[in-house]
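Structure, as structure tokens:
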Amino acid sequence: MRNPQLNKHGELTHLISTEGLSRDILQHILDTAQTFVPLAERDVKKVPLLRGKSVFNLFFENSTRTRTTFEIAATRLSADVFNLNINVSSAAKGETLLDTIANLSAMQADIFVVRHESSGAPYLIARHVSPDVHVINAGDGRHAHPTQALLDMYTIRHFKKSFSNLTVAIVGDVLHSRVARSNIHALTTLGVAEVRVIAPLTLLPSGLAEMGVKTYTDMAQGLKDVDVIIMLRLQNERMRGALLPSSHEYFKHFGLTQEKLAYAKPDALVMHPGPMNRGVEIESAVADGPQSVILNQVTFGIAVRMAVMSIVAGASS
Amino acid sequence: MRNPQLNKHGELTHLISTEGLSRDILQHILDTAQTFVPLAERDVKKVPLLRGKSVFNLFFENSTRTRTTFEIAATRLSADVFNLNINVSSAAKGETLLDTIANLSAMQADIFVVRHESSGAPYLIARHVSPDVHVINAGDGRHAHPTQALLDMYTIRHFKKSFSNLTVAIVGDVLHSRVARSNIHALTTLGVAEVRVIAPLTLLPSGLAEMGVKTYTDMAQGLKDVDVIIMLRLQNERMRGALLPSSHEYFKHFGLTQEKLAYAKPDALVMHPGPMNRGVEIESAVADGPQSVILNQVTFGIAVRMAVMSIVAGASS
Amino acid sequence: MRNPQLNKHGELTHLISTEGLSRDILQHILDTAQTFVPLAERDVKKVPLLRGKSVFNLFFENSTRTRTTFEIAATRLSADVFNLNINVSSAAKGETLLDTIANLSAMQADIFVVRHESSGAPYLIARHVSPDVHVINAGDGRHAHPTQALLDMYTIRHFKKSFSNLTVAIVGDVLHSRVARSNIHALTTLGVAEVRVIAPLTLLPSGLAEMGVKTYTDMAQGLKDVDVIIMLRLQNERMRGALLPSSHEYFKHFGLTQEKLAYAKPDALVMHPGPMNRGVEIESAVADGPQSVILNQVTFGIAVRMAVMSIVAGASS
């Protein structure tokens, strides 16, 4: 079966997941993003690539920051952006997801940026839109967050030049993290030497070994000699459940401190998708320290989203 | 008394209601909309007609979809659009409606698109703005929803070419429907052969006979040989009252099924203003069937709203 | 210590407060605003001064009207505007204010327009942004509301030509008013002859005498022969506390009626920052009367905000 993200020419027409995308496609996105990074230094930070196109931000789950990054990216491509906070509108009126999409498509949408609390919603939408409409997943349930993974890959490539000799550790609540899933797929496809996951036993999903990922429950062992550390945000709501004892305990064992960072290589990158819980998954000395590239991730995120939008808009099924 | 929607030259300066508008004016709107429909196929879906103009979307009643259609229409005319969700702002601070309008007018608004839960609010506003400010009613109470009626007229004309020999049935909660009222006025003015209304007795308003409308409480009789069926959305909140027994009962008697659709002419159009309650007022086989033009309505709705905006902005009182 | 609003060349790089700004800088803002006022009469009400710049409206406290004035001003300068309603996003996720700002800065913001319920928040932000990012205070706690004060100054200058011989009275809840504080600083710097404050004893702050302000608790005395009356909005929530007996009592003593207005000079201006509580701090006959310039304030407010944005964007720390 053809990957649903590709058209019949093998070009990217939707971005739903990093899973199943070839190394060529991932690198094409990163290369395209690289052309947009210098825009930020220019007086007029815009290019006319998507002029007259309509981008709909469909956020069924609230996320002002992620929505804003897509809004900025689309605006800098000169597209017209329409923000729809869906949970307070059609959904409340009992309309089905597919009817909402069909209606918006009939308004001549070009790109849907979709965030949804249900895994698979962007894929469902992509399957039902017409060939000239493109869907970009901005995070769906526990499934995927491909633009976050791509900006992470961009950041790593920017600082480390090549993926082939890298050992990358992903630390935290991997079980519930769409960021972790998307990153594992991207890192594996781009050919890093080793992917590690470090988490409490209760937050370690099964099946990681089959993906070629090494698992650790101890930071000293897991961080040893790694080149890149990707910290995950700890959802506060997990704390109240049975999965974790307390944020204090979590920080003691898995919070990234300068002391634990010393296990990694001296030039290891520290990454975090934001928003950070300082003092829970990361201490401020590390978050603001010389190895942190957390704000670079944000900057590159705009360029990566511009790249994804311009690539899919250039492709038709 | 002069129609408050017209300036002293008889040109449309506000759109408050289809009631009282001449056939010439309605046809001028439809003709203008027709020039905008092909835009959707173009690469850059925009024209510079309203460049530098300020359109304010004043939604005192939440409706993301309707607001979005106006936002798209204004944006494709190159206007600047400002969305104001009024119920959470000035209204909460105790400011009067007319003070809110006076303030926004002082910011050099060109067009106000107004949705309000009170019938007559857009007219009240239109009476108080300066001559170079234009008001478009996006739905007020049970009174009127003129752009919905106009897009319905556009859709009918597109598929049926002429109004003169048509029998049109409006089905559902006519009592509470601003869409039904606006459609009855438009259809009558445009000279259809016959307008019918089909509804449970409890949802049939009085005064329809005076408007030249035939009333039915039975779908078999009401749909017989009609050319166009306009289904109305059933507001869920009606169900809880004494007006209707249950959505199941309603569907049985008034829901549009393939079986009931067979009473109409074989090429009868099926229309619905959305959002649909599938299985309540319409079954999916009909909504998605070959006679349904529901998504065409949405597409034409953008062109019709562009037409209304560009026409009123060209006229001064 | 250098004024934190100025760069090393003494140019305005942030607008946090009217306090500490020189007469030259205030007049430069008013002069620049004057060049934007005629735009409103033009067919295309835009200039390309900030094309390709990104303005972020960061409203930690809801205020649709103030946000809209900044959105309009930025749009008319051709900037791209991104509205962030922060209280429902990052703040809810436990992110710190400075992390939120650092993240948005990393998206290449040019200007942050900040409203915050905490006094000092815009200053805190200004201290932490990079030199090419500019902060404009849109109201912080009880501290300052400098653009409101500047538009008030513009309005006074427009109608009175010069500040030097004027007596200006500020009436109402001065204790809680950031508008009053910012106006007192601006009026004093611009060299009016006399600033008066009229308020119930419970709403009179201490320290006014040190600022050169005369205080009154009686309207007949306080309004005697003044040239300008700046009414303040009475926050309804004050009524419920111990500070005020009732809105009826307040209106009787401090509400601006035609009768009390007669104490002022015959050509005295009546001003109000909006939204008005008619019948509480001002009666309609005065609000809508010939001496009211309340709607002029709104119009000039757009030009003043355009001036502030274009000035700070031209300056770097």
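The values are calculated or read from the model by the stated rules, or taken from the named source; none is laboratory data. A quick note: this is a predicted structure, and the numbers were derived from the prediction, not measured. Methodologically, a virtual Cβ is constructed for each residue, glycine included, from the backbone with ideal geometry; neighbour enumeration extends over all protein chains shown.
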Name the residue, out of C:L166, C:L124, C:L151, that is of a type in the set (A, V, I, L, M) and either under 20 Å from C:E11 (Cβ atoms) or in the same structural domain as C:A79 (by TED's automatic domain parsing) (or both). C:L124
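What are the residues in the range A:278-299 that are in a strand (DSSP E or B) and in contact with a Lys or Arg (Cβ under 6 Å, 6 or more places away or on another chain), if any?
Narrowing the range A:278-299 to residues in a strand (DSSP E or B): A:278, A:282, A:292.
Result: no residue meets the conditions.
Of a type in the set (D, E, K, R), within 28 Å of A:T69 (Cβ to Cβ) and away from chain B (no Cβ under 14 Å) - does that describe any residue in the range C:55-64?
no
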All but one of (1) more than 25 Å from C:E281 (Cα to Cα); (2) surrounded by 21 or more Cβ atoms within 10 Å (Cβ to Cβ); (3) in contact (Cβ under 8 Å) with a residue 12 or more places away in the chain; (4) of a type outside the set (F, W, Y) hold for C:E95; which doesn't? (3)
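For the range B:169-210, name all the residues that are of a type in the set (D, E, K, R), surrounded by 20 or more Cβ atoms within 10 Å (Cβ to Cβ) and assigned to a helix (DSSP H, G or I).
Matches in the range B:169-210: B:R178, B:R181.
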Members of the range C:140-168 found to be part of a helix (DSSP H, G or I) and surrounded by 19 or more Cβ atoms within 10 Å (Cβ to Cβ), listed by number: C:P146, C:T147, C:Q148, C:A149, C:L150, C:L151, C:D152, C:M153, C:Y154, C:T155, C:I156, C:R157
Tell me which residues, restricted to the range B:178-220, are closer than 30 Å to B:S246 by Cα, in contact (Cβ under 8 Å) with a residue 24 or more places away in the chain and among the small types (G, A, S). B:A180, B:S182, B:A199, B:A220
Taking the options A:N137, A:N103, name whichever one is closer than 27 Å to B:D43 by Cα, buried (at least 18 other Cβ atoms within 10 Å of the Cβ), free of Cβ contacts under 8 Å to residues at least 60 places away in the same chain and among the polar types (S, T, N, Q). A:N103
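Just a yes or no: is a residue in the range A:2-23 of a type in the set (G, A, S), assigned to a loop (DSSP other than H, G, I, E, B), crowded, with 19+ Cβ neighbours inside 10 Å and in contact with a Ser or Thr (Cβ under 6 Å, 6 or more places away or on another chain)?
No.
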Take the residues in the range B:65-86 that are of a type in the set (S, T, N, Q) and within 17 Å of B:T32 (Cβ to Cβ); name whichever of them is nearest to the other protein chains (Cβ to nearest Cβ). B:T69
Please state which of the following conditions C:Q34 fails to meet, knowing it meets all the rest: (1) surrounded by fewer than 17 Cβ atoms within 10 Å (Cβ to Cβ); (2) of a type outside the set (S, T, Y); (3) over 24 Å from A:K45 (Cα atoms); (4) over 18 Å from the mean Cα position of the chain (by Cα). (4)
All but one of (1) more than 14 Å from chain C (Cβ to nearest Cβ); (2) closer than 26 Å to A:F82 by Cβ; (3) modelled with pLDDT of 95 or more hold for B:Y123, so report the exception by its number. (2)
Condition (residue is free of Cβ contacts under 8 Å to residues at least 24 places away in the same chain and closer than 17 Å to A:K160 by Cβ) applied to the range A:295-317: is it met by at least one residue? no
Does at least one position in the range B:46-68 carry a residue that is without any contact (Cβ under 8 Å) to a residue 24 or more places away in the chain and not assigned by TED's automatic domain parsing to the domain that holds B:H158? yes
With the requirement that a residue be assigned to a helix (DSSP H, G or I) and within 14 Å of chain B (Cβ to nearest Cβ), what does the range C:25-54 give you? C:F36, C:V37, C:P38, C:L39, C:A40, C:E41
Among the candidates A:R76, A:R65, A:R115, A:R51, single out the residue that is surrounded by fewer than 17 Cβ atoms within 10 Å (Cβ to Cβ) and of a type outside the set (G, A, S). A:R51
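Regarding the range B:19-28, can at least one residue be identified that is of a type in the set (A, V, I, L, M, F, W, C) and touching a strand residue (DSSP E or B) at 6+ places or on another chain (Cβ under 9 Å)?
Looking for residues that are of a type in the set (A, V, I, L, M, F, W, C) and touching a strand residue (DSSP E or B) at 6+ places or on another chain (Cβ under 9 Å), one finds at least one in the range B:19-28, hence yes.
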What tally of residues in the range B:178-205 results from selecting those that are among the hydroxyl-bearing types (S, T, Y) and within 20 Å of B:D140 (Cα to Cα)? 1
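A quick yes/no check of all residues on (1) more than 14 Å from every other protein chain (Cβ to nearest Cβ); (2) of a type outside the set (A, V, I, L, M, F, W, C):
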| position | (1), (2) |
| --- | --- |
| A:A209 | yes, no |
| A:Y216 | yes, yes |
| A:V226 | yes, no |
| A:E259 | yes, yes |
| A:A264 | yes, no |
| A:G301 | no, yes |
| A:M309 | yes, no |
Only one of (1) under 30 Å from A:V44 (Cβ atoms); (2) charged (D, E, K, R); (3) within 22 Å of the chain's Cα centre (by Cα) does not apply to C:R142, and that is (1)
Residue by residue through the range A:98-122, note down the ones that are under 19 Å from A:S63 (Cβ atoms), of a type outside the set (A, V, I, L, M, F, W, C) and assigned to a helix (DSSP H, G or I). A:T100, A:P122
Would you check if A:M276 is farther than 18 Å from A:V179 by Cα and surrounded by 22 or more Cβ atoms within 10 Å (Cβ to Cβ)? no
